[in-house]
Amino acid sequence: MNNRGCNKVEACLTVANIFGVFAIVITAAAIGTDRWLVFTVDRSQLSTATQVASKEGIKARYYHSRQRGMFRECYPGNDTAFLDSANGVLDKNCFSALFADNPDGASGDYRMMQGLFTAFMVMFLVGELTLVIAYIIGLCLCVGRMYSKAWVAAMLTFIAAFLIALGLALFHGSVHVERENVRDKLTDRQQYYQSWPTELQNSTKMAFKESYIAAWVGFVLILVTCFCYGIAARLLTPPKPKSKAPPPPEASYYPQQVVYPTQQASYPQAPVVYYLE
């Protein structure tokens, strides 16, 4: 490879490693933070009786503003006195993921919601691990100048991007099923949007927030990283040999013929022999 081609490969791998660092950090931040979904409850729209009745028990969990992450749901407000007497509280104002409920007696939609959300978590964790492995390989390529292995990093990064995209699709699926299909009213469990009273539905707004946005930003950075690794691998691929045109067919040799006017056929001319005296 000439120097110009080698410089292009080094530049692609360097850019890929830089974007790979940002992709790993941002995707990890999306996994570890609790602002994928934010439910804002305007309690001023609730009647006085409802406000009093929703300060205790399991119902209080969805009558207050909250933010949901991949592993837990937190209540950062100051009007959450129900947390003092609630069971299973983590870090003073959080609960474990809502989808860890026992599905016994639940509907198919409820089970689907749990399955989609669980698959979403698995896809993101496996995708992040694959991305870390791809980054380590890419870093070794730059340090050890083992440029011929760039296709390995490109393939692993592509797999990571696919897993992250699939995880985002599963997340959207779980949110849709939760909001539109689940109508279970199970004892000592949360009730979801379709089972809420109209008063609560009208006073609650759901929004995708910073963790969700970070996940998409990480996905875009992974695609850029994959693209740079792919260019490096393509530059290192030896060119295909050009197909040679087939040689022209050899001209056939025919001996000289003499045609006699009185004959219809032609015969080869006899060779002339010269003798030296």
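The values are calculated or read from the model by the stated rules, or taken from the named source; none is laboratory data. Everything numeric in this text was worked out from a predicted model, so none of it was measured. FYI the Cβ positions are ideal-geometry reconstructions off the backbone, even for glycines, and counts take in every protein chain you see.
Is there any pair linking a residue in region 127-155 that is buried (at least 16 other Cβ atoms within 10 Å of the Cβ) to one that is outside any helix (DSSP H, G or I) and at pLDDT below 90, with Cβ under 9 Å and at least six apart or on different chains, and which? Partner pairs satisfying both residue conditions: Tyr147/Met1. Ala81 meets the stated requirement of being of a type outside the set (S, T, N, Q) and farther than 23 Å from Leu166 by Cα. For region 36-78, filtering for residues that are assigned to a loop (DSSP other than H, G, I, E, B), more than 25 Å from Val175 (Cβ to Cβ) and of a type outside the set (Gly, Ala, Ser) leaves 3.
To keep it simple, each residue is scored yes or no on (1) of a type outside the set (Phe, Trp, Tyr); (2) more than 18 Å from Lys205 (Cα to Cα); (3) at pLDDT 80 or above.
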| residue | (1), (2), (3) |
| --- | --- |
| Ile18 | yes, yes, yes |
| Val21 | yes, yes, yes |
| Val52 | yes, yes, no |
| Arg61 | yes, no, yes |
| Gln67 | yes, no, yes |
| Leu90 | yes, yes, yes |
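Considering Gly138, Gly173, Gly218, the condition of being under 18 Å from the mean Cα position of the chain (by Cα) and under 30 Å from Val9 (Cβ atoms) is satisfied by Gly218 alone.
Looking across Leu186, Leu236, Leu200, one residue alone is closer than 24 Å to Cys74 by Cβ and modelled with pLDDT under 80. It is Leu186.
Close contacts from region 165-192, counting a first residue that is within 18 Å of Tyr62 (Cα to Cα) and a second that is of a type in the set (Lys, Arg) and crowded, with 18+ Cβ neighbours inside 10 Å, with Cβ to Cβ under 7 Å and a gap of 6+ residues or different chains, come to Gln190/Arg61.
I want to confirm something. Restricting to region 167-215 and keeping residues that are of a type in the set (Val, Ile, Thr) and within 29 Å of Leu131 (Cα to Cα), which single residue is surrounded by the most Cβ atoms within 10 Å (Cβ to Cβ)?
Going through the qualifying residues, I end up with Val175.
Taking (1) of a type in the set (Lys, Arg); (2) modelled with pLDDT under 90; (3) in a helix (DSSP H, G or I) in turn, Arg179 satisfies each apart from (2).
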